[in-house]
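Working notes, beginning with the structure itself.
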Amino acid sequence: MKALAFLAMANPAGGSDAGSDASARAIAAARTGDLVAFETLMRQHERLVLVTALRLLGNMEDAKDASQEVFLRLYRNLGKVGASGNFPAWLYRVTVNVCYDMGRKRTASIPVEDAPDLAAPGADPHQSAAGTERQRVLHMSLRMLSAKERAALVLRDLEGLSTGEVAQALGSSEATVRSQISQARVKVKDFVERYFRRRI
Amino acid sequence: MNCGEWEERIALHAGCDLPPMEAAAVDRHVAECAACQALLSGLRQTAGLLREAHSEPVESAHYAAVRARVLSELAGRQRPRWAYALLAAAAMLLLVAVWPKARRVVVTPRPQPVPVAQALMPPVSAFSGADPLGAPSGPGTPWVRRPRPAASGVTRKGGPGGPPRTRGSAPPLQQVEPSSPPEPLVVKLITDDPDVVIYWISEGKGE
């Protein structure tokens, strides 16, 4: 028991290894056409895909469409995924690409200057400072960013990936990603401050 | 002081994305600059609010809906494969059912070209008083149909005891006696002259 406890402490990423082993097993089984195994694989990674898509696209219906497309691409590429070492990085990359594609088909990003017009008309300034309104503004703030800035910020600040992992997922250099992240942080802060200043 | 050059580093520092040396330099600058201090504070506060706003869990029904849509799509794609497999199985069954007949047809040796006269002639037993068409002499004897002659353009002119036979009619049945010794082969050649008939009798080893 003590030995096991020691090992668990010495390897805090043990859970992650177990997760990747489970993913590898599910991928191997799904590659043979086993849909039950593929469903298991989806359950293991559905939060990553759907939540990331929701943060990138801003609404649940589009996020569900994007998630569906991501998992269908995963099914088509099970052979390649098995060969690539970092499965979550692959999933993040595909999710971002699918969301890029969907974003291109919809409206372009909204200029920051126009953002206050999106606020709910007649909202009470006192209520705006709290709760629902604040959440709405914060969600909206991501829509003010360019697609690449939004992806960099979401992956780094909300998904908690390192700068290197974000660069890998976006297919960019770390320097580019750092620049995108810093610009995105400043834009979001400016948007939120400007919004509440005007409302008050 | 122009703080524009610090903005990017301060924004990175707010998310702990700077190496220790650069982070220390930013801290030193912020300690001396009120505007940059407000910037750093505002960035950290906004980042915290943003994380909080996006921390709400997604309802499990949304995950289930995605899973159902994906699995439905994949099951739809797999259906044609099953159909192909079913077709292949049916084809195999058909092949197995037809194969024995096909093999019989293939394996059966092609009939040797036999002179027309030989095919039309009864076996030698006809000369010993048996039925000229080769009717069985007793019960239990096997019957086989002789192979059709390869070419026959000649009409038989009323052989002994039988009606005239024409091309295309069924060849006569012949009694087979596996254990009996080979009988001499009799060939009757009919010429254009009705008065001239040539008989050829072979007493070889069945040939």
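Per-residue Cβ counts within 10 Å, from other chains only, averaged over A:184-196: what number is that?
Mean partner shielding for this stretch: 4.
Along the Cα→Cβ direction, 7 angstrom out, place labels at A:Val36 and A:Lys105. What is the inter-label distance in nm?
Those two pseudo-labels are separated by 3.4 nm.
How crowded by other chains is A:134-141, given as the mean number of beta carbons from other chains within 10 Å of each beta carbon?
3
Check B:Leu189: other-chain or 5+ apart residues with amide H under 5 Å from its amide H, H built from backbone geometry?
HN-HN under 5 Å from B:Leu189: B:Ile198, B:Tyr199, B:Trp200.
Given labels modelled 7 Å from the Cα in the Cβ direction, how far is it in nm from B:Cys3 to B:Tyr199?
Inter-label distance under the simple model: 13.6 nm.
Mind listing the long-range amide H neighbours of A:Asp34? Cut-off is under 5 Å, sequence gap 5 or more, other chains count too, H placed in the peptide plane at 1.01 Å from N.
none
Fewest Cβ neighbours within 10 Å first, please rank A:Phe71, A:Phe87 accordingly.
A:Phe87, A:Phe71
What order do you get for A:Tyr100, A:Tyr195, B:Tyr63, B:Tyr199 when you list them from fewest to most C-beta neighbours inside 10 Å?
B:Tyr199, A:Tyr100, B:Tyr63, A:Tyr195
List B:Cys3, B:Cys16 from most exposed to least, where exposure is judged by having the fewest other Cβ atoms within 10 Å.
B:Cys16, B:Cys3
Can you tell me which of A:181-188, B:51-58 comes out highest on packing, and rank the rest after it, using the mean Cβ neighbours within 10 Å?
The packing order, highest mean first, is A:181-188, B:51-58.
Within a 10 angstrom radius of each residue's Cβ in B:8-20, how many Cβ atoms of other chains show up on average? Whole number is fine.
Mean shielding count: 4.
Taken together, the values in this text are just the output of simple stated rules run on the coordinates, not laboratory data. These figures come from a predicted structure and were not determined experimentally. Note that each Cβ is placed from the backbone with ideal geometry, even for glycine, and that neighbours are counted across all protein chains shown.
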